[in-house]
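Reading through the structure tokens given below for one structure.
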Amino acid sequence: MNTKTLLTMALAASFCVQNAFSQTGNMKVWETNSAGDKLAEKTVFARAKKKVLIEVNSKEQRQTLVGIGGSFTEATSSLLARLSKQKRQEVIDAYFGPYGSRYSLTRTHIGSCDFSKGQYSYAEQEGDTLLEHFSIAHDEATLLPLIKDAQAVSADGFRIVASPWTAPRWMKDNKNYIGGVLLPEYQKVYANYLVKYLEAYKAKGVDIWAMTPVNEPYGNNNNRESMYFDPGYEAAFVRDYMGPAFERAGFDNVKILGYDQNRLDIPKWVDAMYADEATSKYFDGIAVHWYESTVEWFPEMFAYAHEKAPNKLIIETEGCCDAEVPHWKDDAWYWACEGTDWGWDWAPEEQKHLHPKYVPVFRYARDIIGCLNSWVDGWIDWNMVLDRQGGPCWVQNWCLAPVLADPDTDEVYFTPMYYAISHFSRFLRPGAKVLGVQCQSKEVMATAVRNPDGTIAVVVMNQGNCPAALDLVIDGKHHKLTIAKEAIQTVVLL
């Protein structure tokens with residue numbers, strides 16, 4: 001090796017030393033980025049020209065985190081049942097095991113939904129007002145076994161929100177799974193139907209933490225299971241039937257969350273839910289979805305709900321990248337601004353601005369950060385696992401999922417979205433207090449919590465195309481680090 005080569009190597013090494021620094025001590029950092037890192041632990045940081053100040057005030061304690069996670073659907077459970085035992089367990093461990101995402105808040109459907117293999121309820125016999133033929137046998141094939149196996153590997157356990165997409169057909173005015181209204185004379189029977197579900201699941205060792213009266217009460221444009229409620233009808237149903245039925249059956253500890261649809265109509269629903277003490281006492285909070293926009297999280301709507309009832313919960317119960325067929329083993333696509341949703345094609349002209357193309361990874365991280373910083377107590381993704389088509393889904397409502405599976409080849413693909421959610425679910429734990437955060441940047445967002453064990457966890461997202469030097473200030477103490485371009489980073493101070 002000649003002198004010139006040695007000199008070049010020495011200069012390069014010197015440049016690297018001058019343009020990098022290490023951060024150790026009581027801070028641990030994990031990063032996922034478009035360059036290929038996936039929850040990689042970082043101890044050395046490249047220097048960056050762009051500087052961003054993030055201030056965390058641990059004395060400003062806001063809401064208490066209920067949890068973060070995803071949903072048990074028949075689509076997911078039936079798909080995993082077709083994999084080898086080893087691959088199925090790999091996915092369960094990845095979501096619920098001690099070294100995985102550690103999901104703490106989940107959701108499932110009561111009866112069928114669009115991500116079922118077909119349509120069904122637990123009371124199919126018309127006129128069975130005593131519900132003598134009620135049965136959850138359908139769920140015992142794949143759905144309940146998946147929930148039980150997840151329980152077996154979850155060290156801390158997880159909560160479940162259960163939502164019906166519809167009442168049994170014969171209780172509705174149109175006698176159909178899709179659309180229609182619950183007939184007034186069947187309100188008591190429907191409330192008892194929901195109690196029967198709680199009892200049946202409890203008998204199988206699965207306790208339900210919360211329930212909504214119906215998923216998406218505006219009806220999904222009548223293209224899958226649905227049942228219409230307006231705010232007043234649902235509030236009265238909960239006040240007069242569902243709440244009292246839960247009390248009589250000893251399930252008054254099961255939380256009732258109203259609404260369960262998009263965010264812009266939150267004021268209408270909380271006004272009805274919390275109109276008076278007789279109604280409000282049965283509602284523990286409101287459930288919301290994210291489908292009104294690919295970029296906005298509507299903090300003013302959450303603020304309205306919080307100010308209306310500061311002690312009530314706000315739970316995001318469903319969000320997914322919809323109207324997309326998954327890209328198989330193509331990490332780059334999930335970091336590209338190519339995602340579209342239903343609104344890209346079908347939104348009214350005045351709403352088009354809410355549905356631009358988006359980066360799937362950023363859509364998840366942006367919404368979770370925005371929600372946590374806007375009084376939301378828990379956040380739930382939709383299907384945990386789908387196939388290469390974005391199903392199975394009986395209405396062919398193809399969507400993305402953080403994990404994709406091909407049962408024909410016994411392969412599983414953990415998309416970058418899986419790691420994006422893990423940055424939150426793994427490190428922000430139930431019982432944590434969300435803290436006040438200030439971050440004056442258009443491209444960088446951050447949220448922070450103090451966990452029950454005393455650690456402070458901060459999640460930072462950099463949507464920019466260049467690295468950012470972070471000055472993370474916590475209670476006046478400065479922590480210097482760098483986040484890569486197009487990246488999510490979790491910082492835990494021990």
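What net charge do the residues around residue 151 carry, taking every other residue with its C-beta under 14 Å from that of residue 151, with Lys and Arg at +1 and Asp and Glu at -1? That works out to +1. Within the same chain, aspartates and glutamates fewer than 8 places from residue 59 are excluded, and of the rest, those with a Cα less than 13 Å from its Cα are 475. Around the amide H of residue 328, modelled in the peptide plane, lies no amide H under 5 Å away from a residue 5 or more places distant or on another chain.
A 1.4 Å probe run over segment 347-469, with the rest of the protein chains in place, finds 30 Å² accessible per residue. Starting from the amide H of residue 172, placed 1.01 Å from N in the peptide plane, find each other amide H under 5 Å away whose residue is 5 or more places distant or on another chain. Under 5 Å from the amide H of residue 172 lie the amide H atoms of 183, each far enough along the sequence or on another chain. Residues whose amide H lies under 5 Å from that of residue 227, counting only those 5 or more places away or on a different chain, are 179, 219; hydrogens are built 1.01 Å from N in the peptide plane.
Per-residue SASA remark: residue 274, around 30 Å² accessible (1.4 Å probe; ligands, DNA and RNA not included). Surface calculation, 1.4 Å probe, protein heavy atoms: residue 101 sits at approximately 0 Å² accessible. In order along segment 26-34, the phi-based Karplus estimate (6.51 cos²θ - 1.76 cosθ + 1.60, θ = phi - 60°) of 3J(HN,Hα) comes to 8, 10, 10, 10, 10, 9, 10, 8, 5 Hz; Gly and Pro are listed as x. For the chain, the gyration tensor built on C-alpha atoms gives a prolate shape. Its axis ratio a/c (a ≥ b ≥ c) is at least 1.5, and a/b is the larger of a/b and b/c.
Derived scalar couplings between HN and Hα for segment 210-221 equal 8, 9, 9, x, 6, 6, 6, x, 7, x, 6, 6 Hz in order, rounded to whole Hz, by the Karplus curve 6.51 cos²θ - 1.76 cosθ + 1.60 (θ = phi - 60°), x for Gly and Pro. For segment 57-117, the relative contact order is 48 percent, taking Cα pairs closer than 8 Å that sit 6 or more residues apart in sequence and dividing their mean separation by the residue count. On a per residue basis, segment 219-309 carries 38 Å² of accessible surface, using protein heavy atoms and a 1.4 Å probe. Given axes a ≥ b ≥ c from the Cα gyration tensor, I'd like to know whether segment 58-162 is rounded (a/c under 1.5), prolate (a/b larger than b/c) or oblate. It comes out oblate by the Cα gyration axes. For segment 41-49, the Karplus equation 6.51 cos²θ - 1.76 cosθ + 1.60, evaluated at θ = phi - 60°, returns couplings of 6, 10, 10, 10, 10, 6, 6, 9, 6 Hz by residue, with Gly and Pro reported as x. In the chain, with Lys and Arg counted as +1 and Asp and Glu as -1 at Cβ, which of these residues, 378, 267, 72, has the Cα nearest the positive end of the dipole, that is, farthest along it? The one lying farthest along the dipole's positive direction is 378.
Using Cα positions and a limit of under 13 Å, work out the aspartates and glutamates in reach of residue 255, with same-chain residues fewer than 8 apart set aside. Correct list for residue 255: 207, 247, 284. Per-residue ellipticity at 222 nm, computed for the chain from helices alone with -39500 (n - 2.57) per DSSP H run of at least four residues, works out to -7500 deg cm²/dmol. Once all protein chains are placed together, residue 74 keeps about 20 Å² accessible to a 1.4 angstrom probe.
Charged side chains reduced to their Cβ positions (Lys and Arg at +1, Asp and Glu at -1) give segment 112-213 a dipole of some 120 debye around its Cα centre. Remark: the Cα gyration tensor places segment 415-489 in the oblate category, a/c being 1.5 or greater and a/b not exceeding b/c.
Electrostatic tally near residue 449: other residues with Cβ closer than 10 Å to its Cβ, Lys and Arg +1, Asp and Glu -1, net +4.
The values are calculated or read from the model by the stated rules, or taken from the named source; none is laboratory data. From a predicted model like this one, the values you see are computed outputs, not experimental measurements. Note that we place each Cβ from the backbone using ideal geometry, even for glycine, and neighbour counts take in every protein chain shown. The protein model used for the area step is the full one, side chains on, heavy atoms only, and it has no ligands, DNA or RNA in it. Shrake-Rupley method; radii C 1.70, N 1.55, O 1.52, S 1.80 Å.
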